[in-house]
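Input: a single structure, listed below in structure tokens.
Bear in mind these aren't lab numbers, they're just calculated from the coordinates by the rules spelled out. Quick caveat: nothing in here was measured; it's all calculated off a predicted structure. Methodologically, a virtual Cβ is constructed for each residue, glycine included, from the backbone with ideal geometry; neighbour enumeration extends over all protein chains shown.
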Amino acid sequence: MAQSKTQVERPLSPHLLIYRWPLPMVMSIVHRITGAGLYFGTLLMAWWLMAAAAGPNPYANYAAFMSSFFGRLLLFGYTWALLHHMLGGVRHLIWDTGHGLSAAERERLSLATVLGSVSLTIILWVFGYLVMGGSH
């Protein structure tokens, strides 16, 4: 019998458990996900317009759904997705002008996108509840 050749030990490739994802890469993925989420959120807005045009009973059904916990959670998520996607677009606009391209600046802009979208969402919802009349 012929002896088998000894295998050469090769280095392992980095995988998801070893490789640290840079924040700009994560924000790029989240930007795409929020874009898809906005598509489905637009269906909620179309439902709202159709319910308003159809009369008081369909609109009452829509309002009841959106007043539920699940409906408010959907609206909160839609608000966050809209603001996050908008700030991600602003980040890309800054990059398109040739600014913010160093590694540290990319990290800061990505962190600002996350913090800004969460902060603006909370501010908008607090404003909606306190100033505009809260939940009814």
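The residue of segment 69-109 that is nearest to VAL30 (Cα to Cα), among those that are surrounded by fewer than 11 Cβ atoms within 10 Å (Cβ to Cβ) and not aliphatic (A, V, I, L, M), is ASP96. Each residue in segment 110-128 was checked for being surrounded by 11 or more Cβ atoms within 10 Å (Cβ to Cβ) and more than 15 Å from the chain's Cα centre (by Cα), and 4 pass.
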